[in-house]
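A quick write-up on the structure given underneath.
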Amino acid sequence: MSARSLFIPLTLFLVLGFLIGPFLIIVAASFSGGETLAFPPQGFSLRWILKVFTVESFRASFGMSMFLAIGGTAAALMLGIPASYALSRYKLPGAEIVRTVVSAPIIVPGIIVGLALLRYIVVPFQVGITPALFLAHTALVLPYAVRVVSASLDNLRSDIEEAAVLLGSSRLGAFFRVVMPNIRGGILSAFILGFVTSFNQVPVSLFLSGPGVRTLPIDMIAYMEIVFDPSVAALSSLLAFLSIGIVFAAERFLGFSRYV
Amino acid sequence: MSDAPYLSLEKLTLAYGDTVAVANLDLPIRKGELVALLGPSGCGKTTTMRAIAGLLPVKSGHVRLDGADITRVPANKRAVGLVFQSYALFPHLSVYENVAFGLKLKGMRGTGLDAKVRSGLTSVGLSSFANRKPAELSGGQQQRVALARSMVMEPKVLLLDEPLSNLDARLRLEMRTELQRVQKETGVTMIFVTHDQAEALALADRIVVMKNGKIEQIGSPEDIYNRPTSSFVADFVGFENIFPIEQGKMKTSSGLIDLSGPAPSAAGLAWRPRMVTLGSGPFRGTVRGTSFAGDSREYLLDTPFGPIKAEVEASQPAHALGSDLSFDLPAEKAAPLSRFA
C-alpha cells in the first residue's frame, strides 16, 4: 500500500480515536481496582461503580439535576410551543428579532450568561438558589425548544386547522386536536434535546450553585477537588450510557435526527 | 328549488389590511344551486369563498344564509362545509376518524356515529379504506374523503376550492360526475371556485365571472360561453379576436374598418377562431403560423389590423406558411360586447 492510500484511513482513525478515546479511557478507569483515578486501570472491580450510589451528595445533586432537566425543559416547552406557533403561523412585526433573542443562549457563552444572571438578577433581586437555577435552565433550553418545535410546525400544513374549525372546533380546540398530535414527535425530540442540554450544563450552574444546592456536574467537580478516586469516572460512565440510551431510543422510535 | 335567495352576499367588501380584494359584491344564490366562481388568480374568488366560510372577516356588507345574517357568526357555527384544494385531511387520523371528526364534536357517539361515518364513506366508494391513513391514499381518494368529511356534517352550503385542478384527466371526469351526483342526491347548495373555464362550464348551473374583486358577468354556462358581455369574459372563454366598435366601425391599429352587414351598436365585437371565414371576404392576411389539432387546423394571420386567429375544419385543404389569404369577420356571427375594457 502506498503512503497516499494510507493517508485517509490513518486520518480517520486518529480523528475517531481523538473523539472516542477519552470516553473509552474513562469507562476503563471506572472499572479500576486501584485507589486513585488512573489509566491504565489497576486490576478490575465494580466497587467504584457501586460506590457512586452510596455517596450522599451525589444522590442529592442527581435529584437536583433531574428536577432542573425535567422541570426546566417542561417549562421551556410551555413557553416555546406557543412562541413557535406564533412565529410560524403569523407574519408578526419583529418576528426575526424575537427569533434571534430566543436563540441568544445558544450563541452567548455560558460563562457570560451565568455571570450576567448572577450579577443582574440573582443578587439584586435576592432570588433563591433553586429558583435561580430553574430560571437559568429554562432559558438555556428555550432556544432548542423553539427551534425543534418550529421545524416540525413548518412541515405541517396550516389549512388543517381551518378544516377543523369548519367542522365545528374552536381555534384553540383545533390546536389541541390537529396540531399537537402532528408535532408530537418534534415536541418529544425537543424534550430529549433539552433534557440532555440541561443535564450536562456546567458554566451557568457553576455561577448559580450555592451552599447545599448543586447540580450533578458541579458536584462532581467539587468531589474531585477533595477525593481523587475512580468513582467520578464511574459516575461519568453511567451518565454517558444513560445519554446514549436515551438518544438511541429516541432515534429508534421517533426518528430524532429529523428534527435536530 | 325556490326563487328566493338562500345564500346572499350583499354589498360585500373584503380586504387584507388596506388592500381591498373584493368591493361591494352582490350575489344572490338559490337553494340547491351549483354555482362556479370563475376568474384568474387574484380576482377575489377565493377571498369571497373564505368570507362565506367565515375564515376571513367581512369589512362591510352582509352574508345571509337561510334567512339569518351570518356576517359575524364564527366559522365553526355556520354549517358551511369547505373542501380544500389540498384536501386538508388530518394526517394523524385514519380515514374513518377524519370523517368522524366533526360528528364527534357535535356530540355524536356509538352506533349513531358509526352508521353515519360508514354511510358517508360508502357514498364516496371508500368503505374499504376506513382504516387507512390519508398518506396511503391517492389524490382522488383523499379528495373523496374530504368530500365525505364535509358532507356528513349536512352543511347548508358546501364550498369547494379548485375541486378538479389537482386531478388527472380521467379522475376529473369521475369527480365531476361524483360532485353532480352528490349535489343531486342531497340537494346541497354548492359553490366552487375555479380558474378553469372548462371546469366551470361542465359542472355549474350558473357561472359568476369575477375580475379585480368585482363581478364581471353572471349567467348560465351557455350564456357565458356564447354571449359574453364584456371583452374580459369573451377573452376568458376563448374569443380570441376582439375589437372595440366606434361609430359602427371596427377600431383597429390601422384605423376604423367597415364591417360587412349592418353597423353594429355594441361597444365591441368578439369572434372565436372558428367564426372567422377563411378563403373569401374583403380582408387579406398572411399565414404566420399554423397548427393541426386533429379535427381542425388553426391559422395565425398577420393582417393590417393585427394578428387574427382562424380555425377551419381539418378536411379543408391546408394553407402553407406565408400564403396570402382573403378572410372575413362576419358581424352577424360575432358576440356583441356591451363593455370593452
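Every read-out reported here was derived from the displayed coordinates using simple, explicitly stated rules and does not represent laboratory data. The shown structure was predicted, so the numbers you read here are calculated from the model rather than taken from an experiment. Note that each Cβ is placed from the backbone with ideal geometry, even for glycine, and that neighbours are counted across all protein chains shown.
Computed values, structure above
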quantity: Value of relative contact order over the range B:161-283, rounded to a whole percent, pairs C-alpha under 8 Å and six or more apart; calculated: 15
quantity: 5 angstrom amide H check on B:GLY213, placed H, neighbours 5+ away; calculated: B:GLY44
quantity: At most 16 other Cβ within 10 Å, DSSP loop - trypsin sites (Lys or Arg not before Pro), the range A:1-99; calculated: A:LYS91
quantity: Computed helical MRE - 222 nm, chain A, DSSP H runs ≥ 4 contributing -39500 (n - 2.57), nearest 500; calculated: -23500 deg cm²/dmol
quantity: Check: the protein assembly as shown dipole with +1 on Lys, Arg Cβ and -1 on Asp, Glu Cβ, in debye; calculated: 1200
quantity: Spatial separation of Cα centroids for the range B:12-37 and the range A:116-151, in angstrom; calculated: 51
quantity: Rg/Rg_ref, the range B:240-337, where Rg_ref = 2.2 N^0.38 Å and atoms are Cα; calculated: 1.05
quantity: Ranked B:MET190, A:MET180, criterion: other C-beta atoms within 10 Å, fewest first; calculated: A:MET180, B:MET190
quantity: Inter-centroid distance (Cα atoms) of the range A:1-70 relative to the range B:42-96, Å; calculated: 61
quantity: Whether the range A:1-141 is rounded, prolate or oblate, judged on the alpha carbon gyration tensor where a/c under 1.5 counts as rounded; calculated: oblate
quantity: Long-range amide H partners of B:VAL276 with built H, under 5 Å; calculated: B:GLU311
quantity: Loop GluC sites (Glu not before Pro), the range B:241-341 (other Cβ atoms within 10 Å of the site Cβ: 13 or fewer; DSSP); calculated: B:GLU332
quantity: Residue order, fewest to most beta carbons within 10 Å, for B:PHE243, A:PHE241; calculated: A:PHE241, B:PHE243
quantity: Given charges at beta-carbon only (K, R positive; D, E negative), |dipole| of chain A in Debye; calculated: 440
quantity: Backbone HN-Hα couplings from phi across the range B:178-186 [Karplus 6.51/-1.76/1.60, Hz, Gly and Pro as x]; calculated: 4, 5, 5, 5, 4, 5, 5, 5, 9
quantity: Burial ranking of peptide ranges A:110-120, A:9-19, A:194-204, B:105-115 (average Cβ count within 10 Å, highest at the top); calculated: A:194-204, A:110-120, B:105-115, A:9-19
quantity: For the range A:230-252 versus the range B:152-198, the gap between their alpha-carbon centres in whole angstrom; calculated: 57
quantity: The protein assembly as shown pair-distance distribution - Cα-Cα, 10 Å bins, rounded %; calculated: 3, 12, 16, 16, 13, 13, 11, 8, 5, 3, 1, 0
quantity: Spherically averaged projected area of chain A from its Cα convex hull (nm²); calculated: 20.2
quantity: Computed magnitude of the charge dipole of the range B:5-233 (debye, nearest 20; Cβ of K, R +1, Cβ of D, E -1); calculated: 620
